[in-house]
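Down below is the structure, laid out as structure tokens.
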Amino acid sequence: MAFFEIKNLLVRHKSFDGVKTVLDIDKLTVEKGETYGLVGESGQGKTVLALTILKLLQCPPGIIEQGEILLEGVNLLKKTERSMQAEIRGKRIAMIFQDPMSCLNPVFTIKDCMVDALRQNHKGMSRKEAVSQAVKLLQEVKLADPESTLVKYPHQLSGGQRQRVIIALALCCGADFLIADEPTRNLDVTIQASILKLLRELQKKHGMTVLFIANNLSLVGAFCDRVGILRDGRIVEEGTADQVVSHPREEYTRLLREACETKLKPTDDSQEEILLRVEHLKKYFDINDEVRHIRHQSLKAVDDVSFDIHSGEVLGIVGESGCGKSTLVNTILELFEPTAGKVYFEGKDIFGESNGSQGNAFKKNVQIVFQDPYWSLNPRWLVKDIVAEPLDVYEKLGEAERLIRVEELLAMVGLPGDACYKYPHEFSGGERQRIAIARSLASNPKLVVLDEPTSSIDVFSQNQILDLIKELKKKFGLTNILISHDLAVVHELSNRIAVMYLGKIVEFGPAREIFEHPRHPYTQALFDAIPRVGDTGMEGIRTLEGQIPSPINPPSGCPFHTRCPMAQDRCKEEVPQETYYSERHYVRCLLAEEQQEKGGDVL
Ligand code: SF4
């Protein structure tokens, strides 16, 4: 008897359009102690399956027509709601969701959440015992300073810390089967790697069986023993991680694999002419927080950043969340007032003339596409009005001409003309991002900033959006700044790369050089944390320990010394300067300086 088994499961969904089959699984088995990866793009039924297992699927509109879900031979579908709650959820099967923020009650501290969960599941446990058990669990998930974490609210923790709290909550009731639904989807590569390693350690220690749900085949290949590919609610291919990832049989699996593979670098279309020059830009935020007793301090979000961008070039800016990537571009775009420094666009000082006609020309020529198209598009506006907004500001066209231009812009991004009369919620994530791109092109800009353009959409839509960006760039000769924590996306589009850490650029240079030979220890750590297609097992993935230090009180010397595996004593005191490998490639690291002084190849 398998530890966990699904037999002939048929789940349908009722809507105004009729009844649709969402899951049709003949057989799926997971053996005790095994990690089974379930892969598919969005909308294939992965999350519906997780909810059905826990009997959390809302019925109606869901209809579980037939089938068995067996945990050690006991059919969960036959259990009553009361016995699922008392015996199964949390006690036998725990679940980690994609977005930890939505699982933690924002008005309770972590202590309240954990103590409540522990006392509900361990009858007779005193509050004091529950608090000390909560501290132990937070230690087990490797949260530094568990006592102070306990008194924090969810919003005061980083994404990675919140996910560790969720894992601690999953452990607190002693479940032996864990369903992890895309637990690292919105996390940086370094944090993703450390969360996966933590899950693997805890799985071994507690003898847990894991059902790991994801849309990224390379991630699943590295983490799981066996893999099933879910398409339209059916398992279309199944086998060991190595078989499925390295030798896929189905065309759909091959497409999933291709979506994860790094493609050839784009050709360098950049010209000599400098479009944008940033000189010693700083953005400090004043902090005056009475509750946390922080007074008259500065948060150095961007700290003395300089670079230039040539016409036709794509500059990728990478780094973990909180490194200052978005603040940097928002300051360049004058969405934040700069603390110091200059920005020149086509040779003109932007900050010196922001209120005049030159300032308007800059705004027309520089547009931005935000990370989440659901939030950046007004849900109460029709698509035609969203796309035409920049036209209304800069061109003031008549109604008929305006509509023609909107239809042209939509056609450019591959959307039909009838999209004009729909609202954003009627589109998929990828289509919404196309609408955002169409809007960004409406004013015929020269520079388009892409702020994490693919991070909130699934792998297939990601690829389509990347292809579209490349096509539009070629067609209109656009220059781009691309912000992303996804190095594969940056690799695919960028000509040059800036790696940021704690508000500073630590490595800057041609993308090909950096991807082939990352020089700074931080850049190397970012690369080491990515699972590559075909890797099986977690051995090849290295993690970067520790959190990014606070930019309110950054470490002395080299800001990376608190996490750097190569740090020496002098790194705590001396601030590294730029060491050049070539005219356009530098790093800020004392080891590089030292080796260059000795005349050797650096790092
Ligand atoms: Fe690491 Fe020291 Fe180089 Fe900083 S200066 S990156 S701490 S080796």
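The values are calculated or read from the model by the stated rules, or taken from the named source; none is laboratory data. Since we're looking at a predicted model, the values are computed, not measured. Here the Cβ is made from the backbone with ideal geometry for all residues, glycine too, and neighbour counts use every protein chain on show.
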Residue count, the range 528-577, condition at pLDDT 90 or above, more than 8 Å from the ligand (Cβ to nearest atom) and of a type in the set (A, V, I, L, M, F, W, C), comes to 1
Run down Ile350, Ile437, Ile332, Ile386 and say which single residue is surrounded by 21 or more Cβ atoms within 10 Å (Cβ to Cβ), assigned by TED's automatic domain parsing to the domain that holds His485 and in contact with a Phe, Trp or Tyr (Cβ under 7 Å, 6 or more places away or on another chain).
Ile350
Could you list, in sequence order, the residues of the range 470-502 that are farther than 18 Å from Val449 by Cβ and within 16 Å of the ligand (Cβ to nearest atom)?
Tyr501, Leu502
Consider the range 91-124. How many of its residues are in contact with a Lys or Arg (Cβ under 7 Å, 6 or more places away or on another chain) and modelled with pLDDT under 85?
5
Restrict the check to the range 452-460 and report whether at least one residue is surrounded by 22 or more Cβ atoms within 10 Å (Cβ to Cβ) and in a strand (DSSP E or B).
no
For the range 410-438, how many residues meet the condition of being part of a helix (DSSP H, G or I) and among the aromatic types (Phe, Trp, Tyr)?
1
If a residue counts only when it is more than 19 Å from Ala94 (Cβ to Cβ), which strands (runs of 3 or more DSSP E) contained entirely in the range 201-253 have at least 1 such residues?
226-231, 234-240
Mind listing whichever residues of the range 296-321 are within 16 Å of the chain's Cα centre (by Cα) and surrounded by fewer than 21 Cβ atoms within 10 Å (Cβ to Cβ)?
Ser321
May I ask you to verify whether Arg164 is in a helix (DSSP H, G or I) and either assigned by TED's automatic domain parsing to the domain that holds Ile53 or closer than 22 Å to Leu211 by Cβ (or both)?
yes
Which one of Asp181, Asp188 is buried (at least 20 other Cβ atoms within 10 Å of the Cβ), modelled with pLDDT of 85 or more, under 19 Å from the mean Cα position of the chain (by Cα) and not aliphatic (A, V, I, L, M)?
Asp181
Checking Glu426, Glu407 in turn, the sole residue that is of a type outside the set (Phe, Trp, Tyr) and surrounded by fewer than 16 Cβ atoms within 10 Å (Cβ to Cβ) turns out to be Glu426
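Just to check your reading of the model, which residue among Arg402, Arg439, Arg432 is farther than 15 Å from Val369 by Cβ and at pLDDT 85 or above?
That would be Arg402, the only listed residue that is farther than 15 Å from Val369 by Cβ and at pLDDT 85 or above.
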Based on this model, can you work out whether Phe3 counts as more than 30 Å from the chain's Cα centre (by Cα), farther than 16 Å from Glu68 by Cα and either in the same structural domain as Arg226 (by TED's automatic domain parsing) or aromatic (Phe, Trp, Tyr) (or both)?
no
